[in-house]
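Asker: One structure follows; several queries about it will come next.
The values are calculated or read from the model by the stated rules, or taken from the named source; none is laboratory data. Bear in mind the structure is a predicted one, so any value in this text is a computation, not a measurement. All Cβ positions, glycine included, derive from the backbone under ideal geometry; neighbour counts span all protein chains shown.
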Amino acid sequence: MVADAKAWNGVWKSLGKSEPAPDFKTLVAVAVFAGERMTGGFTVEFLAPQAKGADLIVRYRIKEPAGFAAQVISHPWKIRVFPKPKGKVIVEEAK
């Protein structure tokens, strides 16, 4: 989870890209990096966020390729910005 500008800049710098500039007073970002995969076609999918009291539950899943996939090493990732909750952000992989 990314909750401030310093961490946000670090994530984008590690990706070799210039970052957009969300307002971390009202927003929070969740970044999921799926690691190295031996083929293409893997994706990160965020499910609908859920409020639980003052907390925000963010669930994601790693989707496998459907059908044939390129025989290349890939590193799937996705970043999504959410409204900042009053409580904490709980990130869970969907089973």
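Asker: Could you list, in sequence order, the residues of segment 1-20 that are over 18 Å from residue 85 (Cβ atoms) and out of contact with any Phe, Trp or Tyr (no Cβ under 8 Å at 6 or more places or on another chain)?
Answerer: The answer is 6, 9, 10, 11, 12, 13, 14, 16, 17, 20.
Asker: Go through segment 12-28 and count every residue that is surrounded by 11 or more Cβ atoms within 10 Å (Cβ to Cβ) and under 26 Å from residue 65 (Cβ atoms).
Answerer: Looking only at that region, the number is 1.
Asker: Being under 19 Å from residue 83 (Cβ atoms), charged (D, E, K, R) and touching a residue at least 12 places away in the same chain (Cβ under 8 Å) is the filter here; which residues of segment 21-38 pass it?
Answerer: Once the filter is applied, which keeps residues that are under 19 Å from residue 83 (Cβ atoms), charged (D, E, K, R) and touching a residue at least 12 places away in the same chain (Cβ under 8 Å), segment 21-38 yields only 25.
Asker: Can you name every residue in segment 28-50 that is on the phi < 0 side of the Ramachandran plot and in contact with a His (Cβ under 8 Å, 6 or more places away or on another chain)?
Answerer: 33, 34, 36, 37
Asker: Still on this structure, I have one more. Right, residue 66: in contact (Cβ under 8 Å) with a residue 24 or more places away in the chain and in contact with a Ser or Thr (Cβ under 9 Å, 6 or more places away or on another chain) or not?
Answerer: Considered against the rule, which asks whether it is in contact (Cβ under 8 Å) with a residue 24 or more places away in the chain and in contact with a Ser or Thr (Cβ under 9 Å, 6 or more places away or on another chain), residue 66 comes out as no.
Asker: Would you check if residue 35 is surrounded by fewer than 16 Cβ atoms within 10 Å (Cβ to Cβ) and modelled with pLDDT of 95 or more?
Answerer: Spelling it out, it is not the case that residue 35 is surrounded by fewer than 16 Cβ atoms within 10 Å (Cβ to Cβ) and modelled with pLDDT of 95 or more.
Asker: Please determine, by comparing only the residues of segment 41-74 that are small (Gly, Ala, Ser) and at pLDDT 95 or above, which one is nearest to residue 87 (Cα to Cα).
Answerer: 54
Asker: Kindly indicate whether any position in segment 44-61 is buried (at least 16 other Cβ atoms within 10 Å of the Cβ) and over 16 Å from the mean Cα position of the chain (by Cα).
Answerer: no
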